[in-house]
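Reading through the C-alpha cells given below for one structure.
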Amino acid sequence: MSISNATIRPAVLQARQYLAAERNKLREQHVSGSPGIQVCTRFTDVLDNVVTQLFEDALREVFGNDLLIREQVAIVPHSGFGRREMAPFSDLDIMLLHAPGTLNRIAPLAQRLVQDISDLGIELGFSVRTTSQCKQMIQRDPVILTSLLEARFLVGSVNLYRNYSDVIKRTLRRRTDHLIREIEESRKEERAKYGDTVHLLEPNVKRSRGGLRDIQLLRWVGGVKYGYVDPNFLQRSGFLSNDDYRTLRKAIEFLLRLRNELHFHADNARDILTRSEQKRIADVRGYQGREGLSGVEEFMQEYFEHSEAVRHVVSHFVSGARWHRGIAAEFLGRMTSRHIDGDFRVGPRHIVATRQGLLKVTTRVYDVLRLIEISSQTNRRIDHPTWEAIRNRMIQFDDIQVDEEAITLFKSMMARPEGLGRVLRRLHELRVLEKLIPGFSHARCLLQFNEYHRYTVDEHSIRAVERATDFSDDDSVLGKTYREIKNKSLLHLALLVHDLGKGFPEDHSEVGARIAEQVAEKLTLNQADAELLRFLVHRHLMLSHLAFRRDTSDETLVISHAAEIGSPEVLRMLFVLTCADLAAVGPGVLNQWKLEVLTSLFQRLMHHVSGDEVTDSAVDWVSHLRTEVRKKVSSEPDREALERHIDQLPLAYLEGPSSEWIVDDLRKLNNMAPANVIAWGRYIPERQVAEYSVSANESNLPGVFHRLTGALTSMGLRILSAEIHSLADNMLLDRFDVQDDHYQNEPPQERFDAVSKALVQSLTDEAKPVFKKRWNAEPTSSNLTDLPTKVRIDNSTSDHYTIIDVFTHDRIGLLYTISETIFNLGLSVHHAKIGTYLDQVVDVFYVTDSQQQKIQDEDWLSHVKTTLLNAIDTKQAHSPPST
C-alpha cells in the first residue's frame with residue numbers, strides 16, 4: 001500500500017531522496033564496470049548514514065536532552081547489513097540492543113525507528129533484544145545464530161555492544177560442535193527448498209547450492225569454530241588455504257556483481273537467474289561464445305564453475321572444521337580403527353589414508369577407486385586431508401596412472417546398482433571420473449541453453465544413472481525390464497556417456513557416438529560391447545522420438561525400428577535408457593502418461609524383436625483387436641453400421657483403454673444426426689489424463705483441428721496428444737489426451753460437461769477462442785521467449801504424409817496458431833503429436849495437401865516452413881508465456 005508523502009516526516013523524505021540519488025549513482029557505477037563488492041560496500045555506507053541520522057533524530061525528538069538513554073541502547077546491523085554486502089534492494093536487518101529493564105522506556109524509540117525506516121521503502125527486519133535474550137536465542141535457533149554472527153556496531157552505546165559481543169563469543173566457545181551441526185542442518189533445509197545442486201537451470205544466486213549463502217555458511221562456521229567470519233582473517237590465520245581464498249574471492253565478486261545486476265534491472269530484490277535474464281546478461285557482458293557453444297552457454301558455464309568451486313571450498317572448509325579434534329578424541333579414534341593393507345585406516349566415522357596409502361591414491365586411479373569402494377562398503381566418510389590431497393593432485397596433473405587394474409575395478413563398480421550414483425558423484429568431485437571417461441571434463445558445468453534439461457550435462461548424466469538404478473525396486477514393466485538386463489555395467493556406462501556430445505557444432509548424438517568409441521577403447525571393452533555402447537549412445541533418442549514425435553499406428557515404422565534394434569537385450573537397454581534419460585531431465589518429466597506410452601511401444605517392439613514373423617504378427621495383432629471390438633457389437637441392432645466404422649479404426653484407437661469404451665464411442669457416432677456435433681470426456685486413471693472426443697460430419701466443417709485445439713487451450717487444458725480419425729460416411733472422430741491443471745486427480749462431471757460444450761461451440765460458432773493468461777505461484781520465474789524456433793519437414797518417414805516438426809518455446813494459444821496456419825495453407829492434419837518438456841514444445845503434424853497427397857514440390861515446402869516460422873514468431877511477440 002502506498003503512503004502519502006504528507007504522512008511522512010520531513011527528515012524521512014529527505015533520507016528517501018538521498019537514498020534514491022545514491023542508488024542511481026551506484027547504478028551508473030555498476031554499469032561502468034565497478035566491482036560488485038565495491039557497489040555493495042558503498043550502498044552499505046549510504047544505509048549506515050541514513051539509519052544513523054534517523055536514530056539520532058528519533059533519540060533527540062523522543063528523549064530530548066536525556067544523555068543517560070544513549071548508554072542504554074545500540075543499533076546493531078546484522079546479516080547482509082552486518083557484513084556490509086548490501087545489494088541495491090536487499091532487506092535491512094537491524095537489532096535495537098537495549099540494557100535490561102529498559103524495554104518500556106525505549107519502546108517509543110523502537111516504534112519511531114520502525115516507522116521511519118519502513119517509510120524509506122526498504123523491507124525491514126527489526127528486533128528489540130537484550131544481551132541475555134540474544135544468548136538464549138542463538139542456542140535455540142540456528143537462523144538467529146547465523147544472522148547475529150555477522151553483527152557489528154553502528155551507533156549508540158559502545159560499552160553495551162562490547163558486553164554483548166563478549167557474551168556471544170563465550171557462548172559460542174562452549175558449544176562449538178553442536179552449533180556447527182545446527183548451522184549445517186539449517187542450511188541443508190534451505191538448499192532442499194531452493195536447489196540442492198549447483199547445476200540448476202535457473203539457480204537462485206543467493207540461496208541455491210554454490211551461491212552466496214554457501215559462502216555465508218563458511219563465514220558462520222568460521223565464526224563459531226575459529227572466531228573469524230571474514231575469509232581474509234581465516235586465510236591469514238591458516239584456517240583457509242591461499243588457493244581456496246583466491247577461489248572464494250573470485251566467486252564472491254562474480255556472484256555479487258551478478259546479484260547487483262539482477263536487482264538494478266528489476267528495480268527490486270531479484271535473486272533468481274531466470275533464462276531470460278541469463279540471455280540478457282550474457283548479451284550485456286559481451287559473451288561471444290565459441291564453436292558449438294553460444295554466448296549465454298559460455299556465461300552460464302562460468303557461473304556453474306564458480307558455484308561448483310564455492311561448493312567444494314565451503315564443504316571442505318566445514319569438513320575441516322569438524323575434523324579438528326582434541327588429543328583424547330584422536331587417540332580414541334586410533335584405538336577403535338582397523339587398518340586395510342597398511343593403506344587405509346577405517347575409524348568410527350572416517351576412513352583415512354596412511355602415509356603409504358596417501359602416496360598411492362595421489363598417483364594411481366586404482367587406489368582411489370579402492371578407497372571409494374571401501375568408503376561405500378563401510379559407510380565412512382573420507383577424511384578431509386585425504387580428500388583434498390587426491391583432488392588437488394587430480395586437478396594439477398594429467399599423467400595420473402590408469403592401469404588395467406583400475407579399469408577392471410571401475411567396470412565392476414559400474415555393474416553394481418546399489419550406491420552407484422553416490423560413487424560416481426564422489427569420483428566426479430575428485431576429478432577422477434574424467435580420467436576414466438573421455439569427454440567428461442568437457443561436460444563439467446556445461447549448460448545446453450536450447451535444450452529441455454534442468455541440469456548441466458555432467459549433472460544430468462549422473463542423475464540418469466541414479467534414476468536407472470532407482471528402477472530396480474519398481475514393480476512396473478520398467479522395473480522388471482531393468483532387473484532382466486544382464487550387462488548392467490554397459491547400460492550404466494551408456495547413460496553416463498549419452499549426452500557428452502553436447503556443446504559441439506555437430507549433432508550431439510553423432511559426436512556422442514565417437515566419444516563412445518573412445519570410452520570403449522579406454523576401458524578395453526570387447527568388440528561386441530564396444531559396438532553396443534556406440535549404438536546406445538548414438539540412438540539414445542530413438543524410442544522417445546518414435547513414441548512422441550511419430551505415428552506409431554504405422555506398423556511398418558515400428559517394424560523398421562525393431563529391425564534396427566535387433567535383439568531383446570538391446571531393446572531392454574534402450575527402453576530403460578530412454579526412461580532414465582527423461583526422468584533425469586527434471587522432476588515430473590517422466591510422468592505416468594509418458595511412461596505408459598513408452599511401455600506400450602516397448603512391448604510392441606519386443607513382440608517383433610523376440611523372434612516372431614514380423615509381417616504376419618503385425619497383421620494378426622490388428623486383426624485380433626478388430627475382432628475383439630466386433631464381438632462387442634455382435635448383438636447391436638445397428639451392427640453393420642458399427643462394423644463399417646470398426647473396419648476403418650486405426651491401431652492407435654484400437655489399442656485404447658478398453659474395447660467397451662470404443663463401442664460406446666461408436667454408438668454415439670451412429671446415433672448422431674448428420675448435421676450435429678457431439679463431444680464427450682472421460683478420465684483414464686492409469687494414464688492420469690483426461691480424454692476428450694469430438695464427432696462431426698467432416699464435409700460440413702472446415703478447419704476442425706485448429707478450432708478444437710483453440711477450445712481446449714482456452715479452457716486451460718494442456719494437450720498431450722491428438723488423433724484425427726476419418727471414418728465411414730464422412731464421419732470424423734477426433735480424440736485428445738489432455739492434462740487438466742485445475743484438478744489434482746479426476747475432474748468432476750461438471751468440468752467434463754463444460755469442456756465438451758466449449759468443443760461443440762468451437763465448431764458451430766465463428767468466434768475465435770480467447771486465451772487467459774495463467775500465473776505462476778513464483779512470480780520471479782520467467783520463461784525464455786527468445787529461444788530459436790525450428791520447423792523441420794520430414795518427407796521420408798511416411799509413405800502417405802508429409803511430417804512437420806515444430807520446435808519452439810511454449811505459450812498460450814501456440815498450438816492453435818500453428819494448426820490455424822496449417823489450415824490456412826490449405827493443408828489437412830491427419831495426425832498430431834504434442835510434446836511439452838519443461839516450457840518448450842515439440843509439436844508434430846502429419847499433413848496432406850488439398851488433393852490428400854504428400855507435399856512434393858520443394859518451393860511449396862519452403863513456403864510452408866517460412867509461413868509457419870513467421871506465424872510463430874508473431875505469436876511469440878504478442879503473447880504472454882504459457883505459465
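Here are a few things to note about the model shown:
- Residue among LYS668, LYS632 that alone is crowded, with 16+ Cβ neighbours inside 10 Å, modelled with pLDDT under 85 and basic (Lys, Arg): LYS632
- From the options ARG290, ARG325, ARG280, ARG270, residue that is of a type outside the set (Val, Ile, Thr), at pLDDT below 85 and under 24 Å from GLY33 (Cα atoms): ARG290
- THR363 being more than 30 Å from GLU521 (Cβ to Cβ), open to solvent by 20 Å² or more (accessible area, probe 1.4 Å) and not basic (Lys, Arg): no
- The residues of region 568-584 that are open to solvent by 10 Å² or more (accessible area, probe 1.4 Å) and more than 16 Å from ARG604 (Cβ to Cβ), listed by number, are GLU569, ASP581, LEU582, ALA583.
- Test result for GLY238, of a type outside the set (A, V, I, L, M), open to solvent by less than 50 Å² (accessible area, probe 1.4 Å) and not in a helix (DSSP H, G or I): no
- Residue selected from region 401-415 under the condition touching a residue at least 24 places away in the same chain (Cβ under 8 Å) and open to solvent by 70 Å² or more (accessible area, probe 1.4 Å), by the criterion farthest from GLY347 (Cα to Cα): GLU404
- Yes/no for GLY210 being of a type outside the set (S, T, N, Q) and more than 25 Å from VAL284 (Cα to Cα): no
- Selection count, region 416-431, where residues are of a type in the set (Gly, Ala, Ser) and part of a helix (DSSP H, G or I): 1
- Taking the listed residues ALA767, ALA722, ALA711, the one that is crowded, with 20+ Cβ neighbours inside 10 Å and outside any helix (DSSP H, G or I) is ALA722, with no other qualifying.
- Hey, GLN301 open to solvent by 10 Å² or more (accessible area, probe 1.4 Å), within 26 Å of ASP458 (Cα to Cα) and either among the polar types (S, T, N, Q) or more than 23 Å from the chain's Cα centre (by Cα) (or both) or not: yes
- Residues (within 26 Å of HIS830 (Cβ to Cβ) and in contact (Cβ under 8 Å) with a residue 12 or more places away in the chain) located in region 741-771: VAL755, SER756, ALA758, LEU759, VAL760, GLN761, SER762, LEU763, THR764, LYS768, PRO769, PHE771
- Listed by position, the helices (runs of 4 or more DSSP H) inside region 1-91 whose residues that are among the β-branched types (Val, Ile, Thr) number at least 3 are 36-63.
- Selection status of ASP398, closer than 17 Å to ASP341 by Cβ and either surrounded by 18 or more Cβ atoms within 10 Å (Cβ to Cβ) or without any contact (Cβ under 8 Å) to a residue 12 or more places away in the chain (or both): no
- Unmet requirement for GLY588, which otherwise passes all of (1) assigned to a helix (DSSP H, G or I); (2) surrounded by fewer than 21 Cβ atoms within 10 Å (Cβ to Cβ): (1)
- Residue in region 401-421 that is among the hydroxyl-bearing types (Ser, Thr, Tyr) and farther than 16 Å from SER376 by Cα present: yes
- Exactly one residue out of LEU13, LEU96 is under 25 Å from ILE144 (Cα atoms), without any contact (Cβ under 8 Å) to a residue 60 or more places away in the chain, out of contact with any Cys (no Cβ under 7 Å at 6 or more places or on another chain) and not acidic (Asp, Glu): that is LEU96.
- Selection of region 354-401 for residues being touching a Gly at 6+ places or on another chain (Cβ under 8 Å) and hydrophobic (A, V, I, L, M, F, W, C) yields only LEU371.
Residues checked against (1) open to solvent by less than 50 Å² (accessible area, probe 1.4 Å); (2) under 17 Å from LEU160 (Cα atoms); (3) at pLDDT below 95; (4) β-branched (Val, Ile, Thr):
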residue: ARG70; (1), (2), (3), (4): no, yes, yes, no
residue: SER79; (1), (2), (3), (4): yes, no, yes, no
residue: HIS98; (1), (2), (3), (4): yes, yes, no, no
residue: GLY101; (1), (2), (3), (4): no, yes, yes, no
residue: LEU120; (1), (2), (3), (4): yes, no, yes, no
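- In the set (1) modelled with pLDDT of 85 or more; (2) crowded, with 17+ Cβ neighbours inside 10 Å; (3) not aliphatic (A, V, I, L, M), the condition left unmet by HIS350 is number (1).
- If you go through region 382-414 and pick out every residue that is outside any helix (DSSP H, G or I) and acidic (Asp, Glu), you end up with 4.
- Hits in region 229-284 (condition: of a type in the set (Phe, Trp, Tyr) and within 20 Å of HIS312 (Cα to Cα)): PHE233, PHE239, TYR245, PHE254
- Of all the residues in region 241-268, those that are part of a loop (DSSP other than H, G, I, E, B) and small (Gly, Ala, Ser) number 1.
- Qualifying residues in region 208-235 (those that are among the basic types (Lys, Arg) and under 33 Å from the mean Cα position of the chain (by Cα)) - the one surrounded by the most Cβ atoms within 10 Å (Cβ to Cβ): ARG209
- Search result, residues across region 843-863 that are touching a Ser or Thr at 6+ places or on another chain (Cβ under 6 Å) and in a loop (DSSP other than H, G, I, E, B): LYS854, ILE855
- Region 518-551 - residue that is more than 30 Å from the chain's Cα centre (by Cα) and among the charged types (D, E, K, R) and, of those, surrounded by the fewest Cβ atoms within 10 Å (Cβ to Cβ): GLU521
- Residue satisfying all of: in region 477-502; surrounded by 22 or more Cβ atoms within 10 Å (Cβ to Cβ) and among the small types (Gly, Ala, Ser); farthest from ARG444 (Cα to Cα) among these: ALA494
- When residues in region 269-289 are screened for being within 17 Å of ASN204 (Cβ to Cβ) and either open to solvent by less than 60 Å² (accessible area, probe 1.4 Å) or assigned to a helix (DSSP H, G or I) (or both), 10 of them pass.
- Applying a threshold of 7 Å to beta carbon distances and a minimum spacing of six or more residues, or different chains, the list of pairs starting in region 857-869 at a residue that is more than 12 Å from ASN824 (Cα to Cα) and ending at one that is open to solvent by 40 Å² or more (accessible area, probe 1.4 Å) reads LEU861/ILE793; LYS865/ILE793.
- Single condition CYS445 does not satisfy, out of (1) of a type outside the set (A, V, I, L, M); (2) closer than 16 Å to LYS522 by Cβ; (3) open to solvent by less than 10 Å² (accessible area, probe 1.4 Å): (2)
- Within region 685-705, the residues that satisfy the criterion of being at pLDDT 90 or above and farther than 12 Å from LEU732 by Cα are ALA690, GLU691, TYR692.
The values are calculated or read from the model by the stated rules, or taken from the named source; none is laboratory data. Computed from a prediction, not measured in an experiment: that's the story for all the values here. Note that we place each Cβ from the backbone using ideal geometry, even for glycine, and neighbour counts take in every protein chain shown. When the accessible area is computed, the model is the full protein with side chains, heavy atoms only, and any ligands, DNA or RNA have been set aside. Shrake-Rupley method; radii C 1.70, N 1.55, O 1.52, S 1.80 Å.
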